[in-house]
Amino acid sequence: MEIVILAVVIAVVVLGALGGLIVGSRRKKQLPPPPPAAPDITAPPAEPHVGDEAETPREEPRRTIEEVDLPDGSAPVAVEEPPAEAPAIEIPEPTAGRLVRLRARLSRSQNALGQGLLTLLSREHLDEDTWEEIEDTLLTADVGVQPTQELVERLRERVKVLGTRTPEELRTLLREELVTLVGRDMDRAVKTEPEDRKPGIVMVVGVNGTGKTTTTGKLARVLVADGQSVVLGAADTFRAAAADQLQTWGERVGAYTVRGPEGGDPASVAFDAVKEGKEMGANVVLIDTAGRLHTKTGLMDELGKVKRVVEKHAPVDEVLLVLDATTGQNGLVQARVFAEVVDITGIVLTKLDGTAKGGIVVAVQRELGVPVKLVGLGEGADDLAPFEPEAFVDALIGE
């Protein structure tokens, strides 16, 4: 019995020792750290002002919205732009010097009309073949059938009476007959100064491409050179940039330009131009009209309307038809159509230089019964001159 009790005691002791060993080993292992304590939450610091160091925010006085001065919005802030430089005013060349240049240019071109006739008339025997060549020369130069027949008949008669013919006698004979054919007795002055009122009113008509707008600008230079004040009416509202082109011409000589929106009513622009000219006390109002295809009935109606509207102010003093001298007989077709709509009072022939056929001067005057009043000599700003028959013929045949 004692042995049993002793065995139980030994077992208990052994078990207790084993339990102590296990507990001791566990204590030797590293335990996880305890959870951190909750941080104190504070307000974030205020952002530093410009020039301030990052520091503890300061107490600043605050204003209510009633105390803050706000803009009233009554006047926007104006941003001043540098003033645009006004274009320099040009001094146009006097008309007197332009005629000298006309003669020089046509003489250098050795125009087929005058030089060809002199060569043929200088032949020793003027038989029928020679006279036919003279007729062909005149027709080729666009003189026209009826004027050609008249001139040849007069030349044949005078040469027969003259008998012997020296070069000087032939030149004198041909000069006299050509001056008569061109017409020395026509009134070629551009009427811009009516006696009973101001301003004078001039309409410029023609097909696009003949130099109509350019001619209007050049005519303004001629008038300014003669001491007249000019207002320009940009009534060609159907062609892109036509108003800009005319205004540029006007600015060069100090002429004021009245214009409207692109595609606007041409008659309205023309009416306003005359009104402005009267208010400004200008001497002349030049109206550049639309010039799309002359076969368009709508364009012809528009031209008639422009003239009627302008005449609510005052009668139109001049209607100048601009023709390209190089177009020959096609120019006569244009002249007929325009003459049916507006009363043409004068003709301006452009591009009348070495490439042109001078006989168109005679043909168009015969066709319309109105004189050529101005001629364009080239592309220069002052290449527009009054037409003088004697100077023109002298340029054709030389001196």
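The values are calculated or read from the model by the stated rules, or taken from the named source; none is laboratory data. This structure is a prediction, so every number in the text was calculated from the model and none was measured. Here Cβ is always computed from backbone atoms with ideal geometry, including for glycine, and neighbour counts include all displayed protein chains. Heads up: the accessible areas ignore ligands, DNA and RNA and are worked out on the full protein's heavy atoms, side chains in. Shrake-Rupley method; radii C 1.70, N 1.55, O 1.52, S 1.80 Å.
Hey, LEU299 hits all of (1) open to solvent by 20 Å² or more (accessible area, probe 1.4 Å); (2) free of Cβ contacts under 8 Å to residues at least 12 places away in the same chain but one; which does it fall short on?
It is condition (1) that LEU299 fails.
Does the range 260-267 include one or more residues that are open to solvent by 20 Å² or more (accessible area, probe 1.4 Å) and under 28 Å from GLU90 (Cβ atoms)?
Scanning the range 260-267 turns up at least one residue that is open to solvent by 20 Å² or more (accessible area, probe 1.4 Å) and under 28 Å from GLU90 (Cβ atoms).
Exactly one condition in (1) in contact with a Lys or Arg (Cβ under 8 Å, 6 or more places away or on another chain); (2) open to solvent by less than 40 Å² (accessible area, probe 1.4 Å); (3) closer than 28 Å to GLU340 by Cβ is false for ALA189; which is it?
Against the list (1) in contact with a Lys or Arg (Cβ under 8 Å, 6 or more places away or on another chain); (2) open to solvent by less than 40 Å² (accessible area, probe 1.4 Å); (3) closer than 28 Å to GLU340 by Cβ, ALA189 comes up short only on (2).
Suppose we filter GLY211, GLY200, GLY144 for residues that are small (Gly, Ala, Ser), under 18 Å from ILE344 (Cα atoms), buried (at least 18 other Cβ atoms within 10 Å of the Cβ) and at pLDDT below 90; which single one remains?
The conditions single out GLY211.
From the list VAL375, VAL370, VAL362, VAL393, which one is in a loop (DSSP other than H, G, I, E, B) and not hydroxyl-bearing (Ser, Thr, Tyr)?
So the residue among VAL375, VAL370, VAL362, VAL393 that is in a loop (DSSP other than H, G, I, E, B) and not hydroxyl-bearing (Ser, Thr, Tyr) is VAL370.
Is it the case that some residue within the range 211-222 is under 35 Å from the mean Cα position of the chain (by Cα), assigned to a loop (DSSP other than H, G, I, E, B) and under 24 Å from LEU377 (Cα atoms)?
Within the range 211-222, one or more residues are under 35 Å from the mean Cα position of the chain (by Cα), assigned to a loop (DSSP other than H, G, I, E, B) and under 24 Å from LEU377 (Cα atoms).
Only residues that are open to solvent by 10 Å² or more (accessible area, probe 1.4 Å) and modelled with pLDDT under 90: list them for the range 315-331, please.
ASP324, THR326, THR327, GLN329, ASN330 - these are the residues of the range 315-331 that are open to solvent by 10 Å² or more (accessible area, probe 1.4 Å) and modelled with pLDDT under 90.
Quick check on this structure: which one of LEU162, LEU173, LEU139, LEU121 is among the hydrophobic types (A, V, I, L, M, F, W, C) and at pLDDT below 85?
LEU162
Scan the range 147-186 for residues that are surrounded by 12 or more Cβ atoms within 10 Å (Cβ to Cβ), over 47 Å from the mean Cα position of the chain (by Cα) and not aliphatic (A, V, I, L, M) and report the count.
Of the residues in that region, 5 qualify.
From the list THR355, THR345, which residue is modelled with pLDDT of 85 or more, closer than 24 Å to GLU390 by Cα, open to solvent by 10 Å² or more (accessible area, probe 1.4 Å) and among the hydroxyl-bearing types (Ser, Thr, Tyr)?
Within the list THR355, THR345, the selection yields THR345.
Cβ-Cβ under 7 Å, sequence separation 6+ or interchain: first residue in the range 174-201 and among the acidic types (Asp, Glu), partner open to solvent by 70 Å² or more (accessible area, probe 1.4 Å) and in a helix (DSSP H, G or I). Which pairs?
What qualifies is GLU177/ARG154.
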